[in-house]
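Worksheet: one structure, shown below.
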Amino acid sequence: DFKFKHSINTRWKDLDAFRHINNAVFLSYIEDARIVLLKRWKINYAEKSLIVASVKIDYLQQVKHPSSLIIGQKVSRLGNKSFDIQSAVFIIGEGNPVCMSTITSVAFNFTKNQTVKVFEEIIDDYQK
């Protein structure tokens with residue numbers, strides 16, 4: 001169901017005192033995957049940029065180290081100036097997600113310091 005996929009391996013430094021992957025690290029994994037989309041959409045951090053407005057994460061299962069993960073992503077909602085990226089983190093070889101997130105982003109022009117309409121590349125990915 002996810003159009004875009006990104007693989008990542010857990011790292012020793014991702015562990016917490018309970019010997020599982022720390023909850024805060026999942027946001028870094030999701031951010032790594034989101035950067036791939038930003039490159040796909042040719043985000044340039046000037047007139048064609050994005051601002052994260054909201055992050056929601058649901059933790060569904062512990063992850064131990066070492067694990068190989070895959071992060072599935074899709075544009076799940078499209079507004080005039082904002083959109084949502086839904087992400088799911090899976091342990092490779094297992095069917096159920098260990099973590100789900102929704103990130104709301106706003107299209108932004110930093111040169112003019114104002115919101116703008118969602119970029120065509122994002123609209124195209126929503127419609128696929």
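Taken together, the values in this text are just the output of simple stated rules run on the coordinates, not laboratory data. All values reported here derive from a predicted model rather than from experimental measurement. Using ideal geometry, Cβ is built from the backbone for each residue, glycine included, and neighbour counts are taken over all protein chains shown.
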Query raised in the report: What distance in nm separates the simple spin-label points at Ala46 and Ser68, each placed 7 Å from Cα in the Cβ direction?
Result: 4.0
Query raised in the report: Modelled label-to-label distance, Leu27 and Ile8, 7 Å Cα→beta-carbon offset: nm?
Result: 1.3
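Ordered by packing density, taken as the mean number of other Cβ atoms within 10 Å over each peptide's residues, highest first, how do 10-19, 42-51 rank?
42-51, 10-19
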Query raised in the report: Using the per-residue mean of other Cβ atoms lying within 10 Å as a proxy for protection, in what order, highest first, do the peptides 100-108, 73-81 fall?
Result: 100-108, 73-81
Query raised in the report: Counting pairs of Cα atoms in the stretch 65-125, how many percent are more than 18 Å apart?
Result: 48
Query raised in the report: At what distance in nm do the modelled label points of Thr104 and Leu60 sit from each other, each positioned 7 Å from its Cα along Cα→Cβ?
Result: 2.2
Query raised in the report: How large, in Å, is the stretch 1-102 by the Kirkwood hydrodynamic radius built from its alpha-carbon pairs?
Result: 14.4
Query raised in the report: What are the aspartates and glutamates whose alpha-carbon lies under 18 Å from the alpha-carbon of Lys56, with same-chain residues fewer than 8 places away excluded?
Result: Glu31, Asp32, Asp84
Requested in this report: Return the subset of Lys13/Lys81; Lys39/Lys117; Lys5/Lys42 for which the Cα-Cα distance in this structure is over 26 Å, preserving the input order.
Outcome: Lys13/Lys81
Query - Zone residues, the stretch 45-72, relative to Thr115, backbone N less than 13 Å from point 7 Å out along Cα-to-Cβ - result: 51-54
**Report entry** Residue-averaged [θ]222 nm for the chain, counting only DSSP H segments that reach four residues, each worth -39500 (n - 2.57)
**Finding:** -6500 deg cm²/dmol
Report task. Let me know the charge dipole size of the stretch 31-128 about its Cα centre in debye, to the nearest 20, where only the beta-carbon of Lys, Arg (+1) and Asp, Glu (-1) is charged. Result -> 220
Report summary line: the chain: relative contact order from alpha carbon pairs under 8 Å, six or more residues apart, as a whole percent, is 28
